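The values are calculated or read from the model by the stated rules, or taken from the named source; none is laboratory data. What you see is a predicted model; the values in this text were computed from it and never measured. When we count neighbours, we look across all protein chains shown, and the Cβ atoms used for this are built from the backbone with ideal geometry, even at glycine. Remember, those area values only see protein heavy atoms, side chains included, never the ligands or the DNA or RNA. Shrake-Rupley method; radii C 1.70, N 1.55, O 1.52, S 1.80 Å.
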Amino acid sequence: MGQVSALTAWLILAAEVGAVFIVLTTAHDPLTVNVGFSILAGITTWSAIPALSEIFVKAGLKGMDLSKKSKHILPESMGMVAGLIYLVTMFVFIPFPFMKWFTASRDGSPQELTQLTFPNLKLAEILSALLSIQSMVFLGFADDVLDIRWRFKMPLPAIASIPLLMVYWVNSGVTYIVVPIPLRPILGHLINLGALYYVYMAMVAIFCTHSINIMAGINGVEVGQSLVIACSIAFNDMLFLQSSASGAPAIETHLFSLYFIMPFIGVSIALLIHNWYPSKVFIGDTYCYFAGMTFAVVGILAHYSKTLLLFFIPQIFNFLLSSPQLFRLVPCPRHRVPRYNRGTNLMEPSRVVLDQDGLDEEIAFMGTHNAHSALHRQGTLGRSASSTSLSSPASSTAADSSAASARPPSPSLSSPKISNSTPSKSQYTPLTNSPLSRPGWYCIKILETLGLTHVRYDSRTGQRPLEMTNLTILNLILLKAGPMSERNLTISVMVVQVICSLVAFFIRYRLVKFVYDVVS
């Protein structure tokens, strides 16, 4: 990983000393202590990743970056390091939100304060949240090692969120939702979803986890998008803390959110330094699971799951765009990451074959067409040569050659399957000899009409789809902006994430008044 400069080492040491000083001198202020722990967590993660990389490689957790000209072996699953340091940081932080109860008798407060008013439910929330995050870190690492199939790992976040949902039920169990103003004449002011509300929260956990996992594949994109979301959540929490209209319950819930988000930002920044292009490590599915469950935890227990989903606008769009492939309406390859062009050193949209037989016929047809063109050019040259050498004894040979070129091509150069069985364009239907289902065909046409994918059709009829660009936001950016470097593609995704976060804030604090009575 290389040695750090003396200046960098001194700056790191100064940051560590400053963080420790903050923790020791502000133990009575949990949020300030949390900031100090976040700095320590980031520095520890930044230092631990190079130190542990060789251990991961020796353990077989390694891979090759295929989007580079030089193929280097890199350690995988380094998201486990960030996740473990995050968990240790949060475990050490647990006593600080309850420090006033620990010091109550020493400060001369009534003894009953330590026994009767201790916030057991608040402690239960923190412990259940950490249990859910810890479960997803473990399951993510298991996925990196065992390569669990999608059908099995899809429900894992819902299972890991069970402790979270149990504490939510014990703490408040509120399952009412406020109906938007336009729908109140029909549905009323409140609707009690009952058990469906817990299903909704479990689905939030599943979506937050897997939406980051499917928007991946290039250096820094998973950590980059997660970092933007985390900073958006932290900024939203700070807005509530600064607002005079926020009541005590709202302040408590958003403090809870900050306690979990700040250390996450610390370890993510450190991980992004090593995962940025050109990446020195791979983060694996562990980080995606860890990040997604962290977001789900704060969204559920801090009671702002709808606001959380606003920060996931790019992920929601990517999921909707990917749905035809995820639900197998059109073919879905195992990896849909953009394709690396070694000649240009740029990333290009990757493609999926829709009709392999049709593509093979197209290749054969194009080969035959090129052969016929070559023979036609040779015949033209032959006729030209014969016309300029009429007095030459070889003129008869040239004439024979010219006549031969005018004959139909030999069977070896033509494909009977193509020439005899191809329907005319007027008789052709979209699904003729195509493995695509009718719903898949309509999905492709809708996406193509909207400009969200590029479809290649056969050259004879122009209607038989052969292949298309994979349905991900990464390929869409390349399709619209053209080929670009891997680094610029990651920056583009992060810029999109930032813009969507600004839109989310505008919706949450400006447009929401047209839908709900009270903004809180």
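Listing for the model above:
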{"item": "Selection status of Arg508, among the charged types (D, E, K, R), over 14 Å from Leu239 (Cβ atoms) and out of contact with any Asp or Glu (no Cβ under 7 Å at 6 or more places or on another chain)", "result": "no"}
{"item": "Within the stretch 334-367, tally of residues that are out of contact with any strand residue (DSSP E or B) (no Cβ under 8 Å at 6 or more places or on another chain) and buried (at least 17 other Cβ atoms within 10 Å of the Cβ)", "result": "3"}
{"item": "Failed condition for Gly292, given (1) out of contact with any Gly (no Cβ under 8 Å at 6 or more places or on another chain); (2) within 17 Å of Val33 (Cβ to Cβ)", "result": "(2)"}
{"item": "Boolean, Arg407 is surrounded by fewer than 13 Cβ atoms within 10 Å (Cβ to Cβ), within 22 Å of Val228 (Cβ to Cβ) and at pLDDT below 95", "result": "no"}
{"item": "Of all residues in the stretch 136-152 being in contact (Cβ under 8 Å) with a residue 60 or more places away in the chain and of a type outside the set (Phe, Trp, Tyr), the one that is most open to solvent (accessible area, probe 1.4 Å)", "result": "Val145"}
{"item": "Odd one out for Leu113 among (1) at pLDDT below 90; (2) within 29 Å of Ala41 (Cβ to Cβ); (3) part of a helix (DSSP H, G or I)", "result": "(2)"}
{"item": "Some residue of the stretch 265-273 being part of a helix (DSSP H, G or I), under 30 Å from Tyr457 (Cβ atoms) and in contact with a Leu (Cβ under 8 Å, 6 or more places away or on another chain)", "result": "no"}
{"item": "Residue within the stretch 477-492 that is more than 20 Å from Val221 (Cα to Cα), open to solvent by 30 Å² or more (accessible area, probe 1.4 Å) and not in a loop (DSSP other than H, G, I, E, B) present", "result": "no"}
{"item": "Residue in the stretch 31-43 that is more than 19 Å from Gly266 (Cα to Cα), among the polar types (S, T, N, Q) and either buried (at least 16 other Cβ atoms within 10 Å of the Cβ) or touching a residue at least 12 places away in the same chain (Cβ under 8 Å) (or both) present", "result": "no"}
{"item": "When residues of the stretch 311-333 are limited to those that are open to solvent by 40 Å² or more (accessible area, probe 1.4 Å) and in contact with a helix residue (DSSP H, G or I) (Cβ under 8 Å, 6 or more places away or on another chain), the one nearest to His254 (Cα to Cα)", "result": "Ile313"}
{"item": "Hits in the stretch 431-476 - residues which are open to solvent by less than 30 Å² (accessible area, probe 1.4 Å), free of Cβ contacts under 8 Å to residues at least 60 places away in the same chain and farther than 18 Å from Cys332 by Cα", "result": "Gly451, Thr461"}
{"item": "Helices (runs of 4 or more DSSP H) within the stretch 155-226 that include 2 or more residues over 30 Å from His274 (Cβ atoms) and open to solvent by 30 Å² or more (accessible area, probe 1.4 Å)", "result": "162-171, 184-187, 195-213"}
{"item": "Selection within the stretch 66-84 - in contact with a strand residue (DSSP E or B) (Cβ under 6 Å, 6 or more places away or on another chain) and assigned to a loop (DSSP other than H, G, I, E, B)", "result": "Ser67, Lys71, Glu76"}
{"item": "Residue match in the stretch 244-257 (condition: of a type in the set (Val, Ile, Thr), in contact with a Gly (Cβ under 6 Å, 6 or more places away or on another chain) and at pLDDT below 90)", "result": "no"}
